[in-house]
1. Full extension from residue 247 to residue 131: what is 0.36 nm times the residue separation minus their Cα-Cα distance, to one decimal in nm?
2. Counting DSSP beta bridges in the chain, what percent are antiparallel, to the nearest 5?
3. Where in the range 217-256 does the amide nitrogen come within less than 13 Å of the point 7 Å from the Cα of residue 289, taken along Cα to Cβ?
4. Just from the alpha-carbon atoms, what are the Rg and Dmax of the range 406-551 in angstroms?
5. Put a dot 7 Å past each Cα toward the Cβ at residue 326 and residue 362; how far apart are the dots in nm?
6. Using alpha-carbon positions, what is the distance between the centroids of the range 227-258 and the range 415-479, in Å?
7. Consider just the alpha-carbon atoms of the range 338-386 and return their Rg together with their Dmax, both in angstrom.
8. Grab the beta carbon distance between residue 424 and residue 479, set R0 = 30 Å, and tell me the FRET efficiency rounded to 0.05.
Ligand code: NAP
């Protein structure tokens, strides 16, 4: 009964560290780790101890006898990553793994670090720092609620992925951890002021913007980006006033990464199933009234180049009606003849079995479409169609659509006072140390997550990324390169509160959290989120709410 990793794999590698027989790969120190779509359990080496099940922060690992029907394809997905053992061959000797990436060791006490951003990269950095004696971290976020894209970017029907917040709750409850929520670095407090109270500042601010598609009509009403739509669906206060635009039969999404699949799946889902999640009330209402019959996910390249990952494709085809037209079926057949690696072949095989788009659908569906290069968005007062050329030809294809969403990747924004590489949209760094135009380290400044390496990878990819940054800080601290801050950390709270009276601390967040969970209880939902900052601040101040008990399985 080997164990199997399924769709919600977060790739943080916790399972790798827990496995006594080294049967989960790629591990964070192996070359394939950064590019892997998920981690895989070797069914021939698994000793079935279940240690990985307890270690996994998102509940992605199950014994193969306990898989749901939708999860059964993951038996082959895991096994295909490994060559089958030769008959009679011995399994590799069990080897208790030393920590795969060695933890840094501080030689002296008292390191204090500010972390800007409370998404996965910031939380994993805090976790790693707090494994050392005498370290304190101050975590800043401009929203009154923590956890970044886990709260605002993970689709609401992926509640299991959101359960990573239970790990983050444990990290933020650790001794030495202080929250400064609803505080914007650069507005309420400067980088220099942070350095006056801390040895180092880690920016883990992610990539809050979108890559822009510069085509005519790109700013017509009825156009937008998939990430904005996901933020609105998730109740992010900056997007609460967004017009839904779901009053047309077809949506076209440009780009076919995992974000495109997320929006296509939500826009075609049965609203009743979403009503059991933490989706925003406004989005749920709009989806109930939606006229959408088809979402076309349009890629400029071939099926073999699909940017979505195999686990997400398996998840999509298990829950939604997904079709291909005859032209694209022919492309899939052609690509299947040449595809080499197992994951790509598996994706193409799934695509090849999809129903033909000519067969009428009984419910809203998703059409995956290929070789469509966007040229312009047509319309007068609002978008009414997208004009593409067939990639590498002059042939034109026009798709009517009332909503056109670009989903061509996130883009980070410059951080005032730090260098920025405009081309790759990251802060230039060496292993997390920010470097200036001459390649010299900028004292005290570090980065982790998407602002460090660009918008790629999964939630858990940020763990090894943050560990590398923390190792750099530890080395610099040990080498005496980080001068002691002139101000005591204790004066920090006073300074911040003077600048931002609506500061939300750990207790305030606990009160918001409890109030949201309480709002969801009547409707058997994990929570009903506040979508306006003043409502969050009011909840943070409510002493009654903070005393409410938090149910065990509440995620953000
Ligand atoms: P992505 O995976 O980088 O996909 C971007 C898509 O946009 C690709 O299809 C790309 O096509 C296309 N594109 C780029 N420029 C274009 C242009 N000028 N015209 C037309 N198409 C263009 O980005 P993403 O979907 O935003 O995802 C970002 C990261 O978050 C990824 O690592 C993703 O796996 C991760 N994520 C994971 C999950 C999950 O695991 N559930 C969910 C959401 C996001 P080309 O390939 O031709 O460049």
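The numbers here are math on the coordinates, done by the rules we state, and not lab data. Only a predicted model underlies this, so the values are computations on that prediction, with no experimental measurement involved. When we count neighbours, we look across all protein chains shown, and the Cβ atoms used for this are built from the backbone with ideal geometry, even at glycine.
1. The span from residue 247 to residue 131 would gain 36.6 nm if fully extended.
2. Here the antiparallel bridges make up roughly 40 percent for the chain.
3. Once the point is set 7 Å along Cα→Cβ of residue 289, 243-248 turn out to lie under 13 Å by backbone N, inside the range 217-256.
4. Radius of gyration, then largest Cα-Cα span, for the range 406-551: 20.0, 59 Å.
5. Between residue 362 and residue 326, the label points sit 2.6 nm apart.
6. 31
7. Cα radius of gyration and Dmax of the range 338-386 are 16.0, 47 Å respectively.
8. Taking R0 as 30 Å, the efficiency between residue 424 and residue 479 is 0.55.
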